[in-house]
Amino acid sequence: MNSPLSIDLHSPEETAELATRLGAGLLPGDILLLDGTIGSGKTHFARSLIQSVMQEPEDVPSPTFTLVQVYDTDKGEVWHSDLYRLSDVEEIEELGLTEAFDTAICLIEWPDKLGSLTPASALMLSFKTDDDEEELRTMTITWSDPKWVSKLESLR
């Protein structure tokens with residue numbers, strides 16, 4: 001495990017800009033786990049990243065009720081999943097998410113629901129709100145796969 005990278009995001013625009021920079025270096029097989037409480041910025045980050053890799057930006061709804069939204073992009077498929085409502089690991093396999101780990105860029109909200117299916121190569125992005133500053137988010141990024149070192153250079 002590399003040393004965590006911590007970034008303060010002072011506005012939704014800063015969050016979107018960081019998502020765009022990270023998205024530029026992603027390839028199929030890259031998995032981002034988006035962790036944090038409701039309202040911490042996970043969906044805004046995912047939406048911004050997805051729109052940044054689309055040829056023609058379109059509406060990117062939260063997958064809270066559909067569980068998975070799939071987008072065709074120049075980089076291949078992007079899967080955006082919200083696992084909040086899942087109660088069993090078997091439901092994740094039924095969604096086809098484990099196959100997508102190898103073939104698509106995957107953005108997964110509520111990754112704790114993956115349990116034993118959590119990919120070791122994933123990048124964990126933990127979003128934390130600030131009690132004193134409404135728009136401030138602190139994102140802590142952790143990883144163990146060495147491939148993320150070069151992909152994160154654009155964020156430093």
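Quick notes on this one:
- Taking a straight line from the alpha carbon of residue 147, these aspartates and glutamates sit under 17 Å away, with near neighbours fewer than eight places off in the same chain left out: 30, 102.
- Eligible aspartates and glutamates near residue 128 by straight Cα distance, threshold 16 Å, same-chain separation 8 or greater: 8, 14, 35, 109, 112
- Chain lengthening between residue 5 and residue 132 when straightened (0.36 nm per residue, less Cα-Cα): 43.5 nm
- Extension gain for residue 17-residue 59 works out to 13.4 nm (0.36 nm per residue, less the C-alpha to C-alpha distance).
- Its Cα centre serving as origin, the chain has a Cβ charge dipole (Lys and Arg +1, Asp and Glu -1) of approximately 460 debye.
- Only protein heavy atoms count here; under a 1.4 Å probe, residue 143 has an accessible surface of about 10 Å².
- Convex hull volume per residue, computed on the Cα atoms of the stretch 17-114, equals 88 Å³.
- Under 5 Å, built H, 5+ apart or other chain: amide partners of residue 104: 29
The values are calculated or read from the model by the stated rules, or taken from the named source; none is laboratory data. These numbers were taken from a predicted model, which means no experiment stands behind them. Please note: Cβ atoms are built from the backbone with ideal geometry, for glycine as well, and neighbour counts cover all protein chains shown. Ligands, DNA and RNA are excluded from the accessible area calculation, which covers all protein heavy atoms including side chains. Shrake-Rupley method; radii C 1.70, N 1.55, O 1.52, S 1.80 Å.
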